[in-house]
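Below you'll find the structure, written out as structure tokens, and then a few comments.
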Amino acid sequence: MANQIIKIGVMTSGGDSPGMNAAIRSVVRTCAFHKIECVGIYRGYEGMIEGDFKLLDARSVNNIINKGGTILKSARSTEFRTKEGRKKAYDQLQKEGIHALVLIGGDGTFTGGMIFNEEYDFPVIGIPGTIDNDIVGTNFTLGFDTALNTAVDAIDKIRDTASSHKRLFFVEVMGRDVGHIALNAGVGSGAEEILVPEEDLGLDRLLESLEKSRHTGKSSSIVVVAEGDKTGKNVFELRDYVEDNLEGYDVRVSVLGHMQRGGAPSCFDRVLASRMGVKAVESLLEGKKNYMVGIINNKIELYPIDKAVKGDSTIDAELLRVSDIMST
Ligand code: F6P
């Protein structure tokens, strides 16, 4: 099969993340380097079903390495979850003469690719693109580093006003149901407390910690809260709870939201994307399929896509301890 691949499709799917364009650029340029054609598939599986394709050459991806978002757009497709929908997609790929796919996205994207491969023995290679960093088989997903820098920059700004008004701020960050953004951005921004789903500290522990901070002379505090946190209260309810239970606290809330998904990708994400794109295309040309490209200890590796699909990943216990010590 390896020497029959002369046209590769590339698409982005699921929540976009900074670095996706750099990955698209790398896939297209690697195809051009190996003198094979590359077809951009717009809007993920939805566009695949509709045959929303465009031939891309090395010049098509000029000046996108530094752009957030994805030039191929992204969409979540319910139709692709049906056999009929996947058949339509397969027929479109056949009509276009596409022999293999590079899928840039999260575990939902990989699930679709895996089922598609099972039904049609169609070669797929995944590139992990999500700010959540929640995919097993890679130390980093594309966009995580950029999202951390965006969150830290925002929290630094919040700290300026918090310290000017002796206020406590609850800052909610993304991450779906894992706490990697919260933990790393919390440590990086010097947060007094970090609430992550992986470790439910409990509300009493939070109050004690805030009281201790105040007694040691901290007149303002930042508490970073993962959106998937399991205290059972959202950040607005946490604000009310602290105001009701701690004297003299002036509390505000800031939800960072989708700004964490945008922005120019960091150098780390651009380099990671470039390395992953080369690996994905060259693996397909070597006849490999049903893998995700990952980075483990700074080595670009292949990881079985069915295991990456079940991605959750444990929180870094050592970093959690560091965050506890830093809030002394
Ligand atoms: O998976 C990336 C992510 O940004 C999560 O961190 C967040 O919970 C979710 O997507 C938001 O999804 P949507 O963009 O559909 O609102």
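Which part of segment 47-84 falls in the paramagnetic zone of residue 91, meaning amide N under 13 Å from the point 7 Å along Cα-to-beta-carbon? Counting only backbone N, you get 49-51, 84.
Note on exposure: 215, 34, 180 ranked by accessible area (1.4 Å probe, complete protein assembly) read 215, 34, 180, with the most exposed listed first. Think of each Lys and Arg Cβ as +1 and each Asp and Glu Cβ as -1; about the Cα centre, that makes the dipole of the chain roughly 1420 debye. Could you calculate the contour length gain from residue 119 to residue 50, that is, 0.36 nm times the residue separation minus the distance between their Cα atoms, to one decimal place in nm? Value of the extension gain: 22.9 nm.
Enter the angle in degrees (range 0 to 90, nearest 10) between the Cα long axis of helix 83-96 and the first principal axis of the Cα atoms of the chain, meaning the one along which they spread out most. For 83-96 against the chain, the angle is about 50 degrees. Rounded to the nearest 20, the Cβ-based charge dipole of segment 144-261 about its Cα centre (Lys and Arg +1, Asp and Glu -1) stands at 360 debye.
With 20 Å as the limit on Cα-Cα distance, the pairs of 166/218; 279/299; 35/88 that go past it are 35/88. Projecting the Cα atoms of 216, 293, 41 onto the charge dipole of the chain, computed from C-beta unit charges around the Cα centre, puts 41 farthest toward the positive end. Considering only beta bridges that DSSP places wholly inside segment 181-308, some 70 percent are antiparallel.
For the residues 150, 12, a 1.4 Å probe over the protein chains yields an accessible-area ranking, largest first, of 150, 12.
Here the gap between residue 306 and residue 259, fully extended at 0.36 nm per residue and compared with their Cα-Cα distance, gives a gain of 13.9 nm.
Taking the accessible area of segment 144-261, probe 1.4 Å, and keeping the other protein chains in place, the carbon and sulfur fraction comes to 44%. In terms of overall dimensions, the C-alpha atoms belonging to the chain reach 70, 37, 31 Å along their principal axes, ordered largest to smallest.
For segment 144-261, the alpha carbon convex hull comes to 87 Å³ per residue, rounded to a whole number. Shape class for segment 1-118: oblate, because the ratio a/c of the largest to smallest gyration tensor axis (alpha-carbon atoms, square roots of eigenvalues) is 1.5 or more and b/c is at least a/b. Among 231, 71, 248, which residue has its Cα positioned farthest towards the positive end of the charge dipole of the chain, with +1 placed on the Cβ of Lys and Arg, -1 on the Cβ of Asp and Glu, and the dipole taken about the Cα centre? Working it through, the farthest residue towards the positive pole turns out to be 71.
The values are calculated or read from the model by the stated rules, or taken from the named source; none is laboratory data. All values derive from a computational prediction rather than experimental measurement. Neighbour counts run over all protein chains shown; Cβ positions are idealised from the backbone, glycine included. Calculation scope for accessible area: heavy atoms of the full protein, side chains included, ligands and nucleic acids excluded. Shrake-Rupley method; radii C 1.70, N 1.55, O 1.52, S 1.80 Å.
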